[in-house]
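Undergrad: This is the structure I have questions about; it appears just below.
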Amino acid sequence: MSLPVVAIVGRPNVGKSTMVNRIIGRREAIVEERPGVTRDRKAVDAEWLGYHFTLLDTGGWMADGDALDDKVSQQSEQAMREAEVILFVVDSTVGVTPEDERVALLLRRLATPVLVIANKVDDASHEAAIWEFMGLGLGEPFPVSALHGKGTGDLLDALITHLPEGSDREPEEPVSDDPELFSVSLVGRPNVGKSTLFNRLIGEERAVVHDRPGTTRDAIDTIVETQTGPIRFVDTAGMRRKAKIDEDTEYYSLVRALKAVDESDVSLLIIDATIGVTHQDQRLAERVDAAGCPIVVLLNKWELLNTEQREKIGDDVERKLGFLGSPPVLRISALSGKGVNRLWPELQQAVGDYRTRIPTRDVNKSIRSAQSAQPAPGGARVLYATQGATDPPTFTLFVNRELPKTYLRYLERSLREDFNLGSTPIKLRVRKRND
Ligand code: GDP
Ligand code: GDP
């Protein structure tokens, strides 16, 4: 079962991230160990008095301005609609701004309950300022100081009264934790050919297909039996031909896509080759990458391209998706099926990498040679290393003192190269020797 979503909205700098950290900081925050993750996640799970929920920071999607951001705002609206409760954060040191009013207007039209948070009420002298926010027409504001942790308890007490029944039960183990099941998500803008490809994949003779409820609300996952075992396609409800309802708004909202990505071990990023790599494709790739999910790029509708276009798009991918490193790129026609069967070996390779187990001796040899080629600064050193787990390969490094993040990335890269780990995620755990 997925957790109820609590969306946090508000203009930049009102203290949304501080608020999220404050709320999850009350419980142990889960620390992401994948060195590839550079940006903050936008969705985190939180708990208050036994109630579990997902906090969704829609922060980056609120900006106004060009057409792209309009689109992004639509996604943000969608997130708000799907939420159980909305926390609308405003800045008590600034007062009501025109942008706040714009957001309030939108929120008043939704059926979702909204709690107004007057943030930065650091001491009693600021409290009078909050009454101005009554004018937003969304009820009495909660005075809070996210920075100092004042007022958040009352806020959370109020918040949980809006959560659906049963949110106070322990969440069930998500399907994605089943170590045997390798999970794949298909992502891409509308009309790039996700459904066509998906139906082509499951239409193949080899594929024995069964559906089961996914971890996201209303989601259906499809399990396909392949030669290397079952592969789970995450959140395929909108891709099954019959179920293709209201796809763009319902199923492929950015929020939903990112949730699917979060649950998968590999993401297939589908690009419409007749259009090329668009800004939106880049943004999507960035988000997928930031979630620590390896990507296979699929250039679809390949049969429609002439020779010149075919050459051009190769450059396009290199230039515009270069930040992904060198992801595998497949040229396919989902419609005719051409090239699609090369996807299976690619996924099998990914599954294999994901399950790799490397003998301790070899791990240490690789780390030693990486360290002698380029020692860490300040005398920091890995003394001993071992692969503690597979699915994905997880290495424990015992160190004499902390290693800089950049150095960890260097070690990750060299392990990846030495053991041909392709684009599988790798986790590094660092332990000080006397821990
Ligand atoms: P976001 O852009 O809405 O996510 O805002 P941030 O969480 O990044 O906060 C913006 C700035 O406001 C940061 O400098 C925070 O330290 C500051 N801030 C956040 N909450 C409070 C608060 O309760 N009191 C004060 N004085 N500053 C705060
Ligand atoms: P989705 O919105 O990403 O699921 O895209 P669809 O699978 O619905 O495909 C959008 C349109 O592109 C449909 O008209 C498909 O028939 C067409 N399409 C998908 N794949 C191909 C392809 O490989 N070649 C061509 N020519 N058309 C394709």
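Each value in this text was obtained by applying a stated rule to the coordinates, not by laboratory testing. What you see is a predicted model, and the numbers here were worked out from it, not measured in a lab. Because the Cβ atoms are built from the backbone with ideal geometry, glycine has one as well, and the counts that use them run over all protein chains shown.
Undergrad: Over 32 Å between Cα atoms, which of LYS16/LYS259; LYS259/LYS320; LYS259/LYS365; LYS259/LYS301; LYS259/LYS338 qualify? Could the numbers behind the result be given before it?
TA: Values: LYS16/LYS259 20 Å; LYS259/LYS320 24 Å; LYS259/LYS365 38 Å; LYS259/LYS301 26 Å; LYS259/LYS338 30 Å.
Pairs exceeding the cut-off: LYS259/LYS365.
Undergrad: Can you tell me how the stretch 265-373 classifies by the Cα gyration tensor, rounded, prolate or oblate, using a/c under 1.5 as the rounded cut?
TA: prolate
Undergrad: With θ set to phi - 60°, apply the Karplus curve 6.51 cos²θ - 1.76 cosθ + 1.60 along the stretch 313-322 and write out the HN-Hα couplings as whole Hz, x wherever there is a Gly or Pro.
TA: 6, x, 5, 4, 5, 4, 6, 8, 10, x
Undergrad: If you don't mind, another one. Skipping prolines and chain starts, which residues have an amide H placed within reach, meaning under 5 Å, of the one on SER183, given they are 5 or more residues away or on another chain?
TA: Placed amide hydrogens put ARG232, ASP265, VAL266 under 5 Å from SER183.
Undergrad: Could you go through the stretch 342-359 in sequence order and give the Karplus-derived ³J(HN,Hα) for each residue, using 6.51 cos²θ - 1.76 cosθ + 1.60 with θ = phi - 60°, rounded to whole Hz, and x for Gly and Pro?
TA: 6, 5, 4, x, 4, 6, 4, 4, 4, 4, x, 4, 4, 9, 3, 10, 10, x
Undergrad: Using 1/(1 + (r/R0)^6) with R0 = 45 angstrom and r between the beta carbons of LEU304 and ARG81, what's the FRET efficiency to the nearest 0.05?
TA: Working: r = 36 Å, r/R0 = 0.80.
The pair LEU304/ARG81 has a calculated efficiency of 0.80.
Undergrad: Take peptides 261-270, 97-106, 79-88 and line them up by average Cβ neighbours within 10 Å, highest first, as a rough protection proxy. Display every interim value, and only then the final one.
TA: Numbers: 261-270: 25.2, 97-106: 15.6, 79-88: 21.6.
Taking the mean over residues of other Cβ atoms within 10 Å, the ranking is 261-270, 79-88, 97-106.
Undergrad: Could the peptides 334-341, 137-144 be put in order, highest first, of the mean number of other beta-carbon atoms found within 10 Å of their residues?
TA: On the way: 334-341: 16.4, 137-144: 18.8.
Highest mean packing first, the order is 137-144, 334-341.
Undergrad: Starting from the Cα of ARG319, step 7 Å along the direction of its Cβ; do the same at ASN191; then give the gap between the two resulting points in nm.
TA: 2.3
Undergrad: While we're on this one: Between ASN341 and ASN13, with labels modelled 7 Å along Cα→Cβ, what's the label distance in nm to one decimal, could you check?
TA: The two pseudo-label positions are separated by 5.9 nm.
Undergrad: Between SER326 and ASN420, what length comes free when the chain is fully extended (0.36 nm per residue of separation minus the Cα-Cα distance, one decimal in nm)?
TA: Details: separation 94, 0.36 × 94 = 33.84 nm, distance 1.34 nm.
So the extension gain works out to 32.5 nm.
Undergrad: In the stretch 122-146, which residues have a backbone nitrogen under 13 Å from the label point lying 7 Å from GLU101's Cα in the Cα-to-Cβ direction?
TA: Within reach of a label on GLU101, which here means backbone N under 13 Å from a point 7 Å along Cα→Cβ, the stretch 122-146 contributes 135-137.
Undergrad: Same structure again: Using the crude model of +1 on Lys and Arg Cβ and -1 on Asp and Glu Cβ, and no other charge, please compute the dipole size for the stretch 360-432 relative to its Cα centre, in debye to 20.
TA: Values: 13 positive and 6 negative charges, 57 e Å.
It works out to roughly 280 debye.
Undergrad: Also: Once label points are set 7 Å from the Cα along Cα→Cβ at both TYR384 and ASP157, what is their separation, rounded to one decimal in nm?
TA: 5.1
Undergrad: Still on this structure, please answer the following. If you plug each phi of the stretch 407-422 into the Karplus form 6.51 cos²θ - 1.76 cosθ + 1.60 with θ = phi - 60°, what whole-Hz ³J(HN,Hα) values come out, in order, with x for Gly and Pro?
TA: Values, residue by residue: 6, 4, 5, 4, 5, 4, 4, 6, 5, 4, 5, 4, 10, 6, 7, x Hz.
Undergrad: Using r as the Cβ-Cβ distance of SER369 and THR406, and R0 as 30 Å, what FRET efficiency do you calculate, to the nearest 0.05? List each step's numbers first, then the result.
TA: Numbers: r = 19 Å, r/R0 = 0.62.
Calculated value: 0.95.
Undergrad: Amide H of LEU55 versus every other amide H placed in the peptide plane: which residues, excluding those fewer than 5 positions away on the same chain, fall under 5 Å?
TA: Counting only residues 5 or more places away or on other chains, the set is VAL6, VAL44, ASP45, ALA46.
Undergrad: Within 10 Å, count the other beta carbons around each residue, average over each peptide in 322-333, 367-378, and list them highest first. Spell out each step's value before the answer.
TA: On the way: 322-333: 16.2, 367-378: 13.7.
Highest to lowest by the protection proxy: 322-333, 367-378.
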